1. Going by the structure shown, is residue 86 at pLDDT 95 or above and surrounded by fewer than 14 Cβ atoms within 10 Å (Cβ to Cβ)?
2. It is to be established whether one or more residues within the range 75-89 are touching a residue at least 60 places away in the same chain (Cβ under 8 Å) and of a type in the set (Val, Ile, Thr).
3. Considering only the range 4-29, state which residues are without any contact (Cβ under 8 Å) to a residue 60 or more places away in the chain, in a loop (DSSP other than H, G, I, E, B) and either crowded, with 17+ Cβ neighbours inside 10 Å or within 12 Å of the chain's Cα centre (by Cα) (or both).
4. Where residues in the range 92-121 are of a type in the set (Asp, Glu) and surrounded by 10 or more Cβ atoms within 10 Å (Cβ to Cβ), which of them is modelled with the lowest pLDDT?
5. When the residues of the range 30-74 are narrowed to those that are outside any loop (DSSP other than H, G, I, E, B) and in contact (Cβ under 8 Å) with a residue 60 or more places away in the chain, which ends up surrounded by the most Cβ atoms within 10 Å (Cβ to Cβ)?
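The values are calculated or read from the model by the stated rules, or taken from the named source; none is laboratory data. No experiment lies behind these values; they were computed from the predicted model shown. Please note: Cβ atoms are built from the backbone with ideal geometry, for glycine as well, and neighbour counts cover all protein chains shown.
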Amino acid sequence: MKQSSYQTRVERLLGAPLASDAVRRCPQSGEVLHGKARIAEVESHFRGLKLGVTRRHSCGDVMVVEWNSDYGDGRVYRNVSIGELRKGEVVRVTDYWGEPFNPPEWRRGLSDSEDVRPHADELTED
């Protein structure tokens with residue numbers, strides 16, 4: 001991905017700047033990050049992360065980005081990020097990865113917990 005004037009990885013993915021009070025949700029880990037500075041701090045721990053945007057969709061004030069990443073282990077992860085914009089800035093981001101995971105210990109205190117519903121035992125067959 002070519003370099004840009006955006007400061008964070010999620011800004012580069014979405015192609016729009018984060019508002020200073022942006023909120024980033026990660027349902028797979030049950031985390032919520034509050035503020036651009038905190039989002040950038042968490043992103044700084046992922047050195048060597050390779051990523052590529054597959055498709056970027058703009059739907060009014062909503063951006064949906066399909067992207068791939070390699071955390072350095074050679075496995076390619078397929079991801080989707082949804083950004084909600086207000087006045088050209090991203091105010092809310094929700095990131096989806098392939099499977100649930102427990103947040104790493106180093107993120108304790110950087111994020112809040114979120115109970116993401118439904119849980120597996122609450123799903124029904126269709």
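1. Values: at pLDDT 95 or above: yes; surrounded by fewer than 14 Cβ atoms within 10 Å (Cβ to Cβ): yes.
Taking the combined requirement at face value, the residue satisfies it.
2. Start the filter on the range 75-89 by keeping residues that are touching a residue at least 60 places away in the same chain (Cβ under 8 Å), which leaves 81, 83, 85-86, 88-89.
Now restrict to residues that are of a type in the set (Val, Ile, Thr): none.
No, there is no match, as no residue in the range 75-89 is touching a residue at least 60 places away in the same chain (Cβ under 8 Å) and of a type in the set (Val, Ile, Thr).
3. The initial filter retains those residues of the range 4-29 that are without any contact (Cβ under 8 Å) to a residue 60 or more places away in the chain, namely 4-9, 12, 15, 20.
So of that shortlist, the ones also in a loop (DSSP other than H, G, I, E, B) come out as 4-8, 15.
Within the range 4-29, 8 is the sole residue that qualifies.
4. Going through the range 92-121, the residues of a type in the set (Asp, Glu) turn out to be 95, 99, 105, 112, 114-115, 121.
From what is left, the residues that are surrounded by 10 or more Cβ atoms within 10 Å (Cβ to Cβ) are 95, 112, 114.
Numbers: 95: 94, 112: 86, 114: 78.
The qualifying residue modelled with the lowest pLDDT is 114.
5. Restricting attention to the range 30-74, the residues satisfying the condition of being outside any loop (DSSP other than H, G, I, E, B) are 31-34, 36-43, 50-59, 62-70.
Still in the list and also in contact (Cβ under 8 Å) with a residue 60 or more places away in the chain: 31-34, 38, 41-42.
Details: 31: 19, 32: 16, 33: 24, 34: 14, 38: 16, 41: 14, 42: 21.
Once the filter is applied, the top-ranked residue is 33.
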